[in-house]
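The values are calculated or read from the model by the stated rules, or taken from the named source; none is laboratory data. In this text, all values refer to a predicted model and were calculated from it rather than measured experimentally. Here the Cβ is made from the backbone with ideal geometry for all residues, glycine too, and neighbour counts use every protein chain on show. Surface accessibility is based on the protein's heavy atoms, side chains included, excluding ligands, DNA and RNA. Shrake-Rupley method; radii C 1.70, N 1.55, O 1.52, S 1.80 Å.
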Amino acid sequence: MRPVDERILETMRDEGNLTPQAVENFDVCSRGHASIRLSELEEYGLVERIAQGLYRLTDAGRAFLDEELDASELEASNGGS
């Protein structure tokens, strides 16, 4: 997890489903960086892609923001054990 990840997740909680461009429009980070971070957050189950380039916050993402889930407990779906 990176500091910007929490800002992305918080913005999704406040604003709803977002594209990387929308993340940039909310002044969180650049569209390109948002695209990379959203893909990473998807691997950890904190967001899910619901259409090409459109992501939504998952229950795990909400639990993380509510401090009910520790980032150290997350495993990537592509290589986690």
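Summary of values
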| item | result |
| --- | --- |
| Placed amide H near residue 55: partners under 5 Å, 5+ positions off or other chain | 18, 19, 50 |
| About the Cα centre, charge dipole magnitude for the chain (Lys/Arg +1, Asp/Glu -1 at Cβ), debye | 420 |
| Solvent-accessible area, 1.4 Å probe, carbon plus sulfur percent, for the chain | 39 |
| Against the rule of thumb 2.2 N^0.38 Å, how large the Cα Rg of the chain comes out | 0.99 |
| Where labels lie 7 Å past Cα in the beta-carbon direction, separation of residue 6 and residue 76 in nm | 2.2 |
| Calculated from backbone phi, Karplus (6.51, -1.76, 1.60) coupling profile of region 20-34 in Hz, x at Gly/Pro | x, 5, 5, 4, 5, 4, 8, 6, 8, 6, 5, 4, x, 5, 4 |
